[in-house]
Amino acid sequence: MRDKAGEYVLGTLSGDERSQFEQLLATDLGLQAEVSAWEDRLSPMLDLVEPVAPPAGLWSQIENRLEPAAAEQQSTGFWESLIFWRNLGMVAATLVLVLGLTMVGVRNDPAIDQVLMVTGEQSQVQWVVGTSGRSDQLQVKAIAPPEMPAGMVCQLWMENPDGTLKLVGVLPHSGIQSMQIPAQLSSGSRFKISIEHEDRLPTKRPTKDFVFEGGLTKI
Amino acid sequence: MSGDNNSKELIAKRNEQLQSLLAACTLNDKRAFAQLYEMTSGKLYGVVLRILDREEWAQDCLQEAYVKIWNNASSYRPHLAAPMTWMSSIVRNQALDLLRRRRREVLQSEPEKLLEDDAGDAIPLDNLQQTEEGKRLSNCLDQLKSQQRQVIALAYLKGLTHDELASQTGTPLGTIKTWIRRGLEQLKGCLET
């Protein structure tokens with residue numbers, strides 16, 4: 001099975017071989033990397049495909065099925081969640097239909113206009129930070145937060161071009177959290193992260209060097 | 001040359017934008033998702049239509065795939081894959097699963113239907129020159145025997161299995177399997193140098 005990654009991506013595995021391969025893929029990180037590499041190698045062939053506009057009504061069918069609860073599910077790998085969704089497809093479709101009918105108009109969806117991807121040493125995304133125009137809140141989503149030593153947390157700070165540094169708060173371990181923006185946001189605002197003791201959290205200045213720094217990008 | 005640089009820059013810029021949109025999707029921003037759909041659905045619908053030649057299947061498939069993209073946006077790893085590569089993999093997998101399922105159904109009820117289509121027709125590979133990655137892949141594909149090149153392109157773009165490739169091209173199954181296995185090995189070797 002291990003040498004089948006190329007054929008899996010190419011699509012030539014038969015139904016049974018394909019499902020066996022996917023079972024293995026769900027937990028095997030090495031195989032996942034192998035599959036990604038093959039996707040990368042072969043995907044330029046898709047340049048040969050002419051775009052075709054999908055029928056106009058399709059978008060609203062898709063939109064009706066979008067649930068924030070689904071996007072909230074936490075820290076499962078892509079393949080796990082893919083298989084999870086495949087298995088749950090029928091149940092989910094029914095639930096979505098029911099929830100969709102009852103929740104329309106109740107939810108307040110953010111319209112994000114700027115994002116910052118907080119990345120680690122291998123440039124892997126750890127958190128996504130977003131702002132939405134009229135709101136004084138940052139939306140912060142934990143994507144793959146780094147492992148912390150016991151009792152340590154990541155604190156987010158905001159620095160404005162005039163040099164003022166303000167504490168935003170402790171970054172979440174999972175899920176989405178709203179955080180108050182501590183000062184007027186400007187295009188030059190920088191966001192920085194320090195690692196601090198959970199029980200001795202500084203409020204004015206970090207006690208350690210920043211481990212990350214970055215600014216928001218307009219979408 | 002400057003044209004090349006320009007298009008390289010444009011592609012990089014577009015990728016950054018798609019990444020930002022996917023990031024906003026992880027924050028439940030449907031407007032960002034709508035924009036993502038607008039920017040990518042034409043291409044991805046084209047991909048799906050090649051694999052599933054019936055529009056009705058292709059539309060179902062595209063719908064499922066975009067719901068998956070929304071649900072899995074936080075599993076996207078920008079440092080591991082370009083956004084279009086990630087999205088097109090979801091779409092292709094969805095299409096291949098549907099194709100395998102539907103082919104089985106059609107095969108059981110009306111087997112003659114499957115033989116009508118033109119799925120075995122050759123795919124012109126000359127237009128693979130638009131991006132740097134495309135040029136590299138094209139050069140490496142050129143080093144394969146022409147039949148090897150064709151079965152690989154047919155499999156990737158049309159979703160044909162070993163058996164289908166054998167019957168559509170009138171080639172023994174064993175030969176097809178060898179062509180593909182060796183072809184992929186050669187391709188990998190060539191792309192890595």
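The values are calculated or read from the model by the stated rules, or taken from the named source; none is laboratory data. Since we're looking at a predicted model, the values are computed, not measured. We place every Cβ from the backbone using ideal geometry, glycine too, and count neighbours over all the protein chains shown.
Go over the candidates B:Glu55, B:Glu64 one by one and state the one that is assigned by TED's automatic domain parsing to the domain that holds B:Val106, acidic (Asp, Glu) and surrounded by 15 or more Cβ atoms within 10 Å (Cβ to Cβ).
On the way: B:Glu55 fails: surrounded by 15 or more Cβ atoms within 10 Å (Cβ to Cβ).
None of the others qualify; the one that does is B:Glu64.
Report the residue count in segment B:131-145 for those that are within 9 Å of A:Pro44 (Cα to Cα) and in a loop (DSSP other than H, G, I, E, B).
1
Among the residues that make up segment A:69-83, is at least one of them in the same structural domain as A:Leu29 (by TED's automatic domain parsing), at pLDDT 60 or above and either surrounded by fewer than 17 Cβ atoms within 10 Å (Cβ to Cβ) or within 30 Å of A:Phe21 (Cα to Cα) (or both)?
No.
Is it true that B:Ser7 is of a type in the set (S, T, N, Q), in a helix (DSSP H, G or I) and surrounded by 15 or more Cβ atoms within 10 Å (Cβ to Cβ)?
Criteria not met by B:Ser7.
For residues in segment A:29-62 being more than 7 Å from every other protein chain (Cβ to nearest Cβ) and buried (at least 16 other Cβ atoms within 10 Å of the Cβ), which is farthest from B:Tyr45 (Cα to Cα)? Outline the logic, then answer.
From segment A:29-62, those more than 7 Å from every other protein chain (Cβ to nearest Cβ) are A:29-35, A:37-38, A:56-57, A:60; that's our starting set.
With the extra rule that they be buried (at least 16 other Cβ atoms within 10 Å of the Cβ), the set shrinks to A:31-32, A:34-35, A:37-38.
Details: A:Leu31: 28, A:Gln32: 25, A:Glu34: 26, A:Val35: 23, A:Ala37: 23, A:Trp38: 22 Å.
Only one residue fits best here, namely A:Leu31.
Kindly check whether there is at least one residue in segment B:33-51 that is buried (at least 24 other Cβ atoms within 10 Å of the Cβ), in a helix (DSSP H, G or I), at pLDDT 95 or above and among the small types (Gly, Ala, Ser).
The answer is no, given that none of the residues of segment B:33-51 is buried (at least 24 other Cβ atoms within 10 Å of the Cβ), in a helix (DSSP H, G or I), at pLDDT 95 or above and among the small types (Gly, Ala, Ser).
Please find, within segment B:74-92, the residue that is nearest to the other protein chains (Cβ to nearest Cβ) out of those that are part of a helix (DSSP H, G or I) and in contact with a Phe, Trp or Tyr (Cβ under 6 Å, 6 or more places away or on another chain). First the steps, then the outcome.
So in segment B:74-92, the residues part of a helix (DSSP H, G or I) come out as B:74-75, B:83-92.
Within this subset, residues satisfying the condition of being in contact with a Phe, Trp or Tyr (Cβ under 6 Å, 6 or more places away or on another chain) are B:75, B:86.
Working: B:Ser75: 4, B:Trp86: 8 Å.
For segment B:74-92, the residue satisfying everything is B:Ser75.
Counting only residues that are over 26 Å from A:His197 (Cβ atoms) and without any contact (Cβ under 8 Å) to a residue 12 or more places away in the chain, which one in segment A:123-149 is surrounded by the most Cβ atoms within 10 Å (Cβ to Cβ)?
By that ranking, first place goes to A:Ser123.
Go through (1) within 23 Å of B:Cys25 (Cα to Cα); (2) touching a Pro at 6+ places or on another chain (Cβ under 6 Å) one by one and return the number of the condition A:Met179 breaks.
(2)
Please verify whether segment A:156-176 includes one or more residues that are surrounded by 14 or more Cβ atoms within 10 Å (Cβ to Cβ), outside any loop (DSSP other than H, G, I, E, B) and within 12 Å of another protein chain (Cβ to nearest Cβ).
yes
With the structure loaded, tell me whether A:Met179 is at pLDDT 95 or above and out of contact with any Cys (no Cβ under 6 Å at 6 or more places or on another chain) or whether it fails that test. Can you show your working first?
Values: at pLDDT 95 or above: yes; out of contact with any Cys (no Cβ under 6 Å at 6 or more places or on another chain): yes.
Yes, satisfied.
Kindly indicate the residue of segment B:35-54 that is more than 7 Å from every other protein chain (Cβ to nearest Cβ) and of a type in the set (A, V, I, L, M) and also nearest to A:Gly11 (Cα to Cα) among those meeting that condition.
It comes out as B:Ile51.
It is to be established whether one or more residues within segment B:153-163 are surrounded by fewer than 19 Cβ atoms within 10 Å (Cβ to Cβ) and either assigned by TED's automatic domain parsing to the domain that holds B:Arg50 or out of contact with any helix residue (DSSP H, G or I) (no Cβ under 8 Å at 6 or more places or on another chain) (or both).
no
Would you check which residues across segment B:135-163 are more than 16 Å from A:Arg18 (Cα to Cα) and of a type in the set (A, V, I, L, M) and list them?
Hits for segment B:135-163 are B:Leu137, B:Leu141, B:Leu144, B:Val151, B:Ile152, B:Ala153, B:Leu154, B:Leu157.
Mind counting the residues in segment B:45-84 that are among the small types (Gly, Ala, Ser) and touching a residue at least 40 places away in the same chain (Cβ under 8 Å)?
The total comes to 3.
Can B:Ala24 be described as crowded, with 20+ Cβ neighbours inside 10 Å and either in contact with a strand residue (DSSP E or B) (Cβ under 7 Å, 6 or more places away or on another chain) or outside any helix (DSSP H, G or I) (or both)? Even if it seems obvious, please write down each step before you answer.
Details: crowded, with 20+ Cβ neighbours inside 10 Å: yes; either in contact with a strand residue (DSSP E or B) (Cβ under 7 Å, 6 or more places away or on another chain) or outside any helix (DSSP H, G or I) (or both): yes.
The answer is yes for B:Ala24.
In segment A:179-198, how many residues are assigned to a strand (DSSP E or B) and exposed (fewer than 15 other Cβ atoms within 10 Å of the Cβ)?
Of the residues in that region, 2 qualify.
Only one residue in B:Ser138, B:Ser146, B:Ser109 is exposed (fewer than 12 other Cβ atoms within 10 Å of the Cβ) and modelled with pLDDT of 90 or more, so which one is that?
One residue alone meets the criteria, B:Ser146.
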